[in-house]
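S.K.: Got a structure for you, questions after.
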Amino acid sequence: MRPIFDPFVLPFVISMTFVLLYCIIGMIRIIFQLPKEDRRKFLRSLIYPKSALKNFRDLVNDCLFHTKIWKRKPLLGYMHMSIALGWFMIIIVGHFESITFSPLRGLEVPFMQKMMSNLYLPIFFRYFAIEELSLKAQIFSFLMDFFLLMIISGIFIAVVKKKKPKKVGMKRVTKFGIKEDMVRLSLWTIFPLRFLAESSIANIAGGSFLTKYLGFELVFGGNYNETLSMVFWWLYSIDLAIFMTLLPFSRYMHIPAEALLILLRNAGLKTTEPRKGYAVAEIYSCPSCGLCIDVCPMSEVKDNYKNTAVYFIRNIRKGKRRRDVKNMTEKCLMCGKCIEVCPLGIESLNIKIAQRKKTYYKIKSDFSYLERLQDYKTTRPQDDLSAHSQKTLYFAGCMSHLTPKITRSMTKIFKLANENFEFLDADGSICCGRPMMLTGKINEAKALIAKNTELIKKSGAKKLVLSCPICYKVFKEEYQLDGIEILHHTQYINELIENDKLNIDRSDKRYAYHDPCELGRAFGIYDEPRNVIDNIGLLTQGKSDRDMSACCGGSIGSLTMSMEERDEITKNTIKDLTLNQPDEIVTACPLCLKTFARLSPIEVKDIAEIVVEGLEG
Amino acid sequence: MDNVDLKLFNKIEALNPDINTCMACGLCTATCTAGNFTDMSFRKIILMLQRGKDKEAIELVKKCMMCGKCMMICSRGINTRNILLSITRIYNEEQNI
Ligand code: SF4
Ligand code: SF4
Ligand code: SF4
Ligand code: SF4
Ligand code: SF4
């Protein structure tokens, strides 16, 4: 008869209790910090069967299988899955095993002791168990060994990743301090120690291919040494305790935080405060995986990698000086690439906007001069058409007035397609409000939005074509234009082509297409521009495109980035785009066009321009 | 003339040293979105600040839409938009009356 308690379990039991309490209190705090409306929404989402089902599916996919990492980097995906799923299964199967073959079976044990033993028995089951030869017991042993092997294989990859990041497909990995190194070491050693502890006793407790045959026979040479075995059990328990105790203060806090984040996200919540509620769940969910470093255009400039999302999040979490966080916030180009790669879907841009909103500006804007503006001076070149077709409104936006090539081309396209159109802001426009929003001055932006809305509605059109993706984003998200269809000109031209309204001659010119952030990543408009270009010439492949397209460097998202820093980014993006020797670079954003044109060795054109060339050529 | 108060200009200059590279070419004014409807001119703002005419400068700054076009076009690559933002952040009306 083996004992059912041993002091070596105590480090684990105490630390586990601590971690559970810590997480529960943290969770309750986050939920209480949510705005009232959000909290209600969240609690409701937990009960509804439909959202509960989605929660379950996402928890399994994201927390256990890590499907998102699989898609980007299969090896890293396996690493995460093997550790997370393996560990989870060891806990679950361990519980079933310890219930089925509990050493307490048939014993009279006080209730409290029984409860306590439920905490540690599944973890240290083999220490208290005696080998059973039934098929059922053998299957359990096999499963436990199988998952243990799975975890150890994952840890093996993690060690390789640490030593040689390139082997797993990463250029730069996040830098950590000593504390994080210690926690990681404790994590890496948990399962090898478990293997040794279980193996050392496998002649009594039994085991399967890993612990019994490989471990006990090979590593321990088939000898059982009680002292040595005890040492391993103690080490195993202490190691677990170190990990559990440090977990809340390390990046491994992402394990519990991620689960909460998924639930909050599925309830449809978003960050509204930079250091409260949803944002806290996001910040703690970041495991500092570093995937956002290589993709960030800021890391093109040497020291600026320190401003990438991972370090931004870490600084907020550490409660770093507000000024540091503010500087990082204002540097970011808001291109959204870091969010696109983030396996946890951490929307750090929302935190940044919330942070920018906190900046206090003593001087408020004064747009009273806009009240005098009754109407945009529109041009209506085709009055004879107005009788028989729906009017299409063209709003170039203030940026496009910097690049008259775009507005001229668009006017030509409207005419050649025989459209009944009205060029609303032919004489200059009010800014759409998005640049103002990006500075955090939301109310001021709203004034601009309100005025534009008023003037656009006045026109009575049902279709609105925009040339600037920056406008497109804010029009789609903030403008209430009830019933007016909003199109970017790439979409609109594509429609015209599909409806055979434009006769384009195809040439053998080679074009590289640059996906503007606010069109691509923000709205997934990738195929329309490519369709259009396919009708005009040959599309060449750049180094990265679509959702991994690099920012042009001109982004108005950054408040503080200097021209020199921007130029480095622009040069690099041009290099990526010209990888396969295109004749011209094609963009769909006036700001990108202007930015590239300054530094590009080959010609840069807007998609509307090459359409016009195709029509005339 | 010696005692023009350049406190605001000096503060802005400390934050945005590039303000001194302005050569008053006026490109920013020509493209200004707000300038389309008002007398807004970034070039003028710089001149006013340099002469200590803070109040007049502020009246113009208030009209800015933050569109960033002046930054795109500036022949010296000055981060004009951030200068405008800094002004609205730093300027303290009471102090300057
Ligand atoms: S939004 Fe773009 S620039 Fe900003 S941190 Fe993310 S990847 Fe970097
Ligand atoms: S923000 Fe996302 S991608 Fe970046 S380190 Fe954190 S989890 Fe990884
Ligand atoms: S200008 Fe174009 S590439 Fe640059 S940030 Fe804006 S949308 Fe992105
Ligand atoms: S940011 Fe302000 S000053 Fe510059 S062009 Fe736009 S409205 Fe004019
Ligand atoms: S465009 Fe630049 S250099 Fe020219 S006046 Fe404006 S700020 Fe000065």
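S.K.: Dipole size in debye (nearest 20) for segment A:266-357 around its Cα centre, Lys and Arg Cβ +1, Asp and Glu Cβ -1?
M.R.: Working: 18 positive and 9 negative charges, 122 e Å.
Charge dipole, segment A:266-357, about its Cα centre: 580 debye, nearest 20.
S.K.: Using only DSSP helix segments of four residues or longer, with each worth -39500 (n - 2.57), what per-residue ellipticity at 222 nm results for chain A after dividing by its residue count and rounding to 500?
M.R.: On the way: 29 runs with 335 residues, N = 617.
Only helices count here, giving -16500 deg cm²/dmol.
S.K.: Something else: If you take the Cα atoms of chain B, find Rg, then find the Kirkwood Rh from the mean of 1/r over all pairs, what is Rg/Rh? Write down the numbers at each step before the final one.
M.R.: Details: Rg = 12.5 Å, Rh = 13.4 Å.
Rg/Rh for chain B comes to 0.94.
S.K.: At q = 0.07, 0.12 Å⁻¹, what base-10 log of I(q)/I(0) does the Debye formula yield for chain A when every alpha carbon is treated as an equal point scatterer in vacuo?
M.R.: Calculated log10 I(q)/I(0) at the listed q: -0.57, -1.21.
S.K.: Quick check: the angle from helix A:226-246's long axis to the longest principal axis of chain A, C-alpha only, nearest 10 degrees?
M.R.: That helix lies at roughly 30 degrees to the long axis.
S.K.: For the pair A:TYR48/A:ILE92, report the inter-label distance in nm, with labels modelled 7 Å from Cα in the Cβ direction.
M.R.: Going by the 7 Å Cα→Cβ label model, 2.6 nm.
S.K.: Each label point is 7 Å from the Cα along the Cα-to-Cβ direction; what then is the distance between the points at A:ILE442 and A:ARG39, in nm?
M.R.: Reported label-point gap for A:ILE442 and A:ARG39 is 1.9 nm.
S.K.: Is it possible to state the helix-based mean residue ellipticity at 222 nm for chain B, with each DSSP H run of 4+ residues giving -39500 (n - 2.57), the sum divided by total residues, to the nearest 500 deg cm²/dmol? What is it?
M.R.: Details: 7 runs with 51 residues, N = 97.
Counting only the DSSP helices, I get -13500 deg cm²/dmol.
S.K.: Given the alpha-carbon gyration tensor of segment A:1-60, what are the semi-axes of its equivalent ellipsoid in whole angstrom, ordered largest first, with each equal to the square root of 5 times an eigenvalue?
M.R.: Numbers: eigenvalues 260, 63, 12 Å².
They are 36, 18, 8 Å, listed from largest to smallest.
S.K.: Of the beta bridges DSSP finds with both residues in the protein assembly as shown, what % are antiparallel, to the nearest 5?
M.R.: 5
S.K.: Give the dimensionless ratio obtained when the Cα radius of gyration of segment A:283-442 is divided by 2.2 N^0.38 Å. All intermediate terms of the calculation are to be shown ahead of the outcome.
M.R.: Values: Rg = 21.9 Å, N = 160, 2.2 N^0.38 = 15.1 Å.
That ratio works out to 1.45.
S.K.: Accessible surface of B:CYS32 in the full protein assembly, 1.4 angstrom probe, to the nearest 10 Å²?
M.R.: B:CYS32 has an accessible surface of roughly 30 Å² with all protein chains in place.
S.K.: At 1.4 Å probe size, what's the solvent-accessible area of B:THR38? Round to the nearest 10 Å².
M.R.: B:THR38 exposes around 30 Å² with every protein chain in place.
S.K.: On a 0 to 90 degree scale, rounded to 10, what angle separates helix A:442-458 from the longest Cα axis of chain A?
M.R.: In chain A, helix A:442-458 runs at an angle near 50 degrees to the longest axis.
S.K.: Continuing with this model, one more query. Mind checking the dipole of segment A:1-138: about its Cα centre, +1 per Lys or Arg Cβ, -1 per Asp or Glu Cβ, Debye to the nearest 20?
M.R.: Working: 18 positive and 9 negative charges, 187 e Å.
Here the size comes out at about 900 debye.
S.K.: Another question about this same structure. Using +1 at the C-beta of Lys and Arg and -1 at the C-beta of Asp and Glu, which of A:TYR224, B:THR38, A:LEU539 has the Cα lying farthest in the positive direction of the dipole of the protein assembly as shown?
M.R.: Selected residue: A:TYR224.
S.K.: If you split all Cα-Cα distances of segment A:163-303 into 10 Å bins from zero, what percentages do you get per bin, shortest first?
M.R.: 11, 25, 26, 23, 12, 5, 0
S.K.: Peptide B:32-40: average number of partner chain Cβ atoms within 10 Å per residue?
M.R.: Numbers: counts 2, 11, 7, 1, 8, 8, 5, 1, 1.
Mean inter-chain Cβ contacts per residue within 10 Å come to 5.
S.K.: Starting from the Cα of A:LYS571, draw a straight line to each of the lysines and keep only those under 21 Å, dropping any in the same chain fewer than 8 residues away.
M.R.: Straight-line reach from A:LYS571, under 21 Å: A:LYS171, A:LYS302, A:LYS306, A:LYS331, A:LYS337, A:LYS543, A:LYS594, A:LYS605, B:LYS69.
S.K.: Got a sec? What order do A:TRP233, A:TRP70, A:TRP188 fall in by accessible area at 1.4 Å, biggest, i.e. largest, first?
M.R.: Working: A:TRP233 0, A:TRP70 90, A:TRP188 45 Å².
I get A:TRP70, A:TRP188, A:TRP233, largest accessible area first.
S.K.: What's the magnitude of the charge dipole for chain A around its Cα centre, counting Lys and Arg as +1 and Asp and Glu as -1 at the beta-carbon? Answer in Debye, nearest 20. Could you put the intermediate results ahead of the total?
M.R.: Numbers: 86 positive and 65 negative charges, 400 e Å.
So the dipole magnitude of chain A works out to roughly 1920 debye.
S.K.: Ok, one more. Can you give the FRET efficiency for B:ASN10 and A:LEU218, using 1/(1 + (r/R0)^6), R0 = 56 Å, r = Cβ-Cβ distance, to the nearest 0.05?
M.R.: Details: r = 76 Å, r/R0 = 1.36.
With R0 = 56 Å, the Cβ-Cβ based efficiency is 0.15.
S.K.: Give, to the nearest whole percent, the P(r) tail of segment A:266-357 beyond 18 angstrom, counting all Cα pairs. Can you show the working numbers first?
M.R.: Values: 1559 of 4186 pairs.
When every Cα pair of segment A:266-357 is considered, 37 percent fall beyond 18 Å.
S.K.: Additional query: On the accessible surface of segment A:505-606, probed at 1.4 Å, how many percent belong to carbon and sulfur atoms?
M.R.: Working: 1650 of 3670 Å².
The nonpolar share, carbon plus sulfur, comes to 45 percent.
S.K.: One-quarter of the Cα convex hull surface for segment A:368-495, in nm²?
M.R.: Values: hull surface 31.1 nm².
Computing the convex hull of the Cα atoms and averaging its projections yields 7.8 nm².
S.K.: Among B:GLY52, A:PRO122, A:PHE88, whose Cα projects farthest towards the positive end of the dipole of the protein assembly as shown, with charges put on the beta-carbon of Lys, Arg (+1) and Asp, Glu (-1)?
M.R.: B:GLY52
S.K.: While we're looking at this one, here's another question. To the nearest 10 degrees, how steeply does helix A:590-599 sit against the main Cα axis of chain A, on a 0 to 90 scale?
M.R.: The two axes meet at around 90 degrees.
S.K.: Residue separation times 0.36 nm, minus the C-alpha to C-alpha distance between A:PHE146 and A:LYS575: what's the value? Let's see the in-between values first.
M.R.: Details: separation 429, 0.36 × 429 = 154.44 nm, distance 4.79 nm.
My answer for the length gained is 149.7 nm.
S.K.: Does a label point 7 Å from the Cα of A:ASP324, set along Cα-to-beta-carbon, have any residues of segment A:231-252 with amide nitrogen under 18 Å, and which are they?
M.R.: Counting backbone N atoms under 18 Å from the label point, the list is A:249-251.
The values are calculated or read from the model by the stated rules, or taken from the named source; none is laboratory data. As the structure is a computational prediction, the values presented were derived from the model and not from experiment. Using ideal geometry, Cβ is built from the backbone for each residue, glycine included, and neighbour counts are taken over all protein chains shown. Note: areas computed on protein heavy atoms with side chains; ligands, DNA, RNA excluded. Shrake-Rupley method; radii C 1.70, N 1.55, O 1.52, S 1.80 Å.
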